[in-house]
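All of the numbers you see were taken from the coordinates with simple rules; none came from a lab. These figures come from a predicted structure and were not determined experimentally. Here the Cβ positions follow ideal geometry from the backbone for every residue, glycine too, while neighbour counts run over all protein chains shown.
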Amino acid sequence: MRILRPVIIPSVCSCRLCQATSSLIPRTPIFAAMGNDITIDEGLKFDVVSETDSRLGTGRKTSGDLDDTTSIASLSTTYSTPAPPSILSYRYENGRRYHGFRGSSYFLPNDEHEQDRLEVVHEMFKLIVNGDLHRAPLPPNLCRALDFGTGTGNWAIEFADEHPDCEVLGTDLSSIQPPCVPPNCLFVIEDVSSPWIFDQKFDYIHGRSVKGIVTDWDFLYCQIRNNLENGGWVEIQEIDSAFKADDDTLDRAPKTSLWNEKYNEAGRISKHRVDIVRDQQACLERAGFNDIHEEIYKVPIGPWAKGPMLKELGRLTLMHSLEGLESFTLGLFSRVLGWTRQEIDDLMYDVKKELLNPNNHFYISAHFIYGQKPPV
Ligand SMILES: C[S@@+](CC[C@H](N)C(=O)[O-])C[C@H]1O[C@@H](n2cnc3c(N)ncnc32)[C@H](O)[C@@H]1O
C-alpha cells in the first residue's frame with residue numbers, strides 16, 4: 001500500500017497567469033509516493049490523501065462510492081503532518097543542485113538552470129515533429145497516460161491539455177513540477193526503477209530524454225509492459241548521446257570527439273548508460289512488444305543546414321548544447337571519471353569553441369521509438 005501526499009500546495013503559484021486566474025484554478029496537489037526510505041522533518045503543513053479515501057494518483061479505487069466528478073482537491077483532508085525531506089533535500093556539487101531522493105543516482109542537476117534547459121528540450125522535440133507530442137498511434141479509448149522521468153512536466157501538462165478526458169500521471173525523482181497543472185494531470189515523486197504498484201493500467205506510457213535514468217532497461221520495459229493495457233503503446237523520445245557529422249567535421253574537432261568518448265565511457269562505468277538509443281528496439285522486442293517503429297531525425301547544431309525550419313532548430317540546438325554542456329559533463333566527469341573542475345572547464349571551453357565554429361557541421365539524432373503491447 002502506498003500513500004500519496006502532496007509535495008507543493010500553495011493555493012496558487014506566484015506566476016502572473018495563476019495570480020490573474022486564481023479563482024479559476026482548482027487546487028491540484030502534487031503527490032509524492034511515500035517509500036520506506038523517506039525520513040521525516042518536523043513542522044510543515046501538508047494536505048494528505050489518506051490511503052483509504054483516495055483513488056487518485058495511482059488510480060486506486062477503494063470503496064467505490066466516489067463518483068467520477070469528485071475533484072482531486074476535494075479528496076484531500078487537511079491536517080498537520082511532517083514534510084517529506086528526502087524529496088526536498090538536495091545535493092550541492094560544483095555549484096549545481098542535484099536530487100537527494102534515492103541518493104544521487106542520477107547525474108543531471110535539477111536546479112533552475114537545468115529546468116530552463118528542459119524548457120528548451122521541450123521546444124526542440126516539438127519543432128522536430130511539427131509540434132506533435134507523440135508519434136505512436138494513441139488508442140481510441142485513451143483514459144490513462146504515464147510520463148516517467150517527467151522533469152518539469154511540460155510534456156505531461158501539454159498532453160493533459162490536449163486530452164482532457166485522459167488522466168495523465170508524471171513521475172520523477174525530483175519535485176520540480178509546477179503547482180498549477182490541468183485538473184487531469186498529477187505528479188508523483190517516484191523512482192522509475194522501483195517496482196511499479198499502480199492499481200490501474202495505462203493506455204500509453206511515454207518517456208522523453210530519459211537516457212541514464214536506469215541501469216536495467218529490460219526490467220523497465222517489463223514494468224512498462226505489465227502496466228499497459230492490452231493494445232496500449234509505449235514511446236521513448238531520445239537524443240543520441242553523440243555529436244555526429246557527415247563530413248570531416250569531427251576529425252577537425254578533437255575536443256568534441258574526446259568529450260563524446262568520455263561521456264559515453266562515464267555512462268557505461270556508472271551503469272547509467274547514455275548511449276541507449278541503439279538498444280531500444282531490441283529491448284522492446286525482448287519485452288514482447290509488437291509493431292515496433294523507430295523514426296530518426298537529424299538535428300543540426302547551429303544554423304548551417306538548409307531551410308528555415310532547420311536553421312531555427314539549429315540555432316535552438318546550438319544554444320541548448322552550449323547551455324547544457326555543463327549539466328551533461330559535471331556529474332559524470334567528476335563523480336565517475338574523477339576529473340577536476342579545472343580539467344572539466346578546460347574541456348568544455350574547447351568543445352564550446354568547436355561547436356561555435358561555423359565551418360563545423362555537427363548534428364545530433366533524435367529518435368522516436370514506439371511499440372504496441374499485443375492486443376490480446
Ligand atoms: C533529462 S530530464 C527529462 C525530463 C522530461 N522527460 C523532458 O523531456 O523534459 C530526465 C528526468 O528524469 C528524472 N529521473 C532520473 N532518474 C530517474 C528515476 N530513477 N526515476 C524517475 N525519474 C528519474 C530526472 O530527475 C529528470 O527530471
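Couple of notes before you dig in:
- Fully extending the segment from ALA282 to ASP247 would add 9.7 nm, taking 0.36 nm per residue of separation and subtracting the current Cα-Cα distance.
- Net lengthening on full extension, ASP161/ASP345 (0.36 nm per residue, minus Cα-Cα): 62.1 nm
- Euclidean distance between Cα centres, the range 315-344 to the range 179-205, Å: 30
- Between the range 121-152 and the range 238-297, the Cα center-to-center distance that results, in Å: 21
- DSSP beta bridges in the range 87-373 [antiparallel fraction, %, rounded to 5]: 50
- Counting only lysines at least 8 places from LYS298 when in the same chain, those with an alpha carbon closer than 30 Å to its own are LYS126, LYS211, LYS244, LYS255, LYS262, LYS271, LYS306, LYS311, LYS352, LYS353, LYS373.
- Two-site label geometry, CYS143 and ILE197: point separation in nm, points 7 Å out along Cα→Cβ: 2.3
- The convex hull of the Cα atoms of the range 249-355, projected and averaged over all directions, covers 8.5 nm².
- Unit charges on C-beta of K, R, D, E only; dipole of the range 87-373, Debye: 520
- Full extension of the chain segment joining ASN94 with GLU123 gains 7.7 nm, where the gain is 0.36 nm per residue of separation less the Cα-Cα distance.
- Pairwise label distance in nanometres, ASN359 with ASP216, each label 7 Å out on the Cα-Cβ vector: 5.0
- Taking a ≥ b ≥ c as the square roots of the eigenvalues of the Cα gyration tensor, the range 155-286 is prolate, since a/c reaches 1.5 or more and a/b is larger than b/c.
- Shape descriptor for the range 87-373: Rg over Rh equals 0.95 (Cα atoms; Rh from the Kirkwood inverse mean 1/r).
- Normalised contact order of the range 87-373, rounded percent, pairs of Cα under 8 Å and 6 or more residues apart: 20
- Ranking HIS113, PRO195, ILE269 by how far each Cα lies toward the positive end of the dipole of the range 87-373 (charges on Cβ) leaves ILE269 at the top.
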